[in-house]
1. Mind listing just one residue for me: the one in region 160-198 that is touching a strand residue (DSSP E or B) at 6+ places or on another chain (Cβ under 7 Å) and not in a strand (DSSP E or B) and, of those, surrounded by the most Cβ atoms within 10 Å (Cβ to Cβ)?
2. Would you check if there is a residue in region 44-54 being modelled with pLDDT of 95 or more and among the aromatic types (Phe, Trp, Tyr)?
3. Quick one: is LEU98 at pLDDT 95 or above and either among the β-branched types (Val, Ile, Thr) or surrounded by 15 or more Cβ atoms within 10 Å (Cβ to Cβ) (or both)?
4. Is it the case that region 59-68 has a residue that's at pLDDT below 95, over 18 Å from the mean Cα position of the chain (by Cα) and of a type outside the set (Ser, Thr, Tyr)?
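The values are calculated or read from the model by the stated rules, or taken from the named source; none is laboratory data. This structure is a prediction, so every number in the text was calculated from the model and none was measured. Heads up, the Cβs are rebuilt from the backbone with ideal geometry, glycines too, and the neighbour counts pull from every protein chain shown.
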Amino acid sequence: MSFRSRFLFLPCALGLFATQHIAAQSLELFGGVTVANMKPEKDYHNLTMSGWNTAFTLYPTYRLGLAADFAGYYGTAQAAPGVSTDQSEFGVRQYSFLAGPQFRLIHKRLFDTSFKALFGAARGYALDVPGSLSSTHGSFDETKFTALFGTNFDLNISRKVALRFSPGIYVTQFGPSETQTSFRFSFGPVFRFGGSEN
């Protein structure tokens, strides 16, 4: 085999090996709805926000997975009593982008469970904020550190499809030196690709 032939053969062989390695791993794709009980900042009531949630998890090993989670939340906020405003309600939006490890705890024919610890950022902003609030409470468009600690409970419909229930604790840091801890729940189908364990 000539040097040129070897030069061309090597990347082809490496590419084939990488393709087979990825195909042998387990990939999960989740998409569904999410609901969260959030407190935007200290001067605002708790509000229920709902929206969408998408997550990808690649399992390089049987137990350890690498997850990416994306979500959008939509709701209506009211200022707390005592805060002067020229309108009572305004729309609130939040989008989160998270990634981190996911650990498979139980993997059975009928159900699966896993734990995840994800970290990233969330952008939150308000629509049509009253002028009196804007002047006294600063910016209503912030991107802050975010974390999610939760579990997945998957009811297996088949080897490749399951119904996922995913509760978790959602941590944000909107406002000056504030930390908000909220409950988040996501629900929807999960699809599995590759891997000999599925």
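1. Out of the qualifying residues, it is PHE174.
2. Checked region 44-54: at least one residue is modelled with pLDDT of 95 or more and among the aromatic types (Phe, Trp, Tyr).
3. yes
4. For region 59-68, residues at pLDDT below 95, over 18 Å from the mean Cα position of the chain (by Cα) and of a type outside the set (Ser, Thr, Tyr): present.
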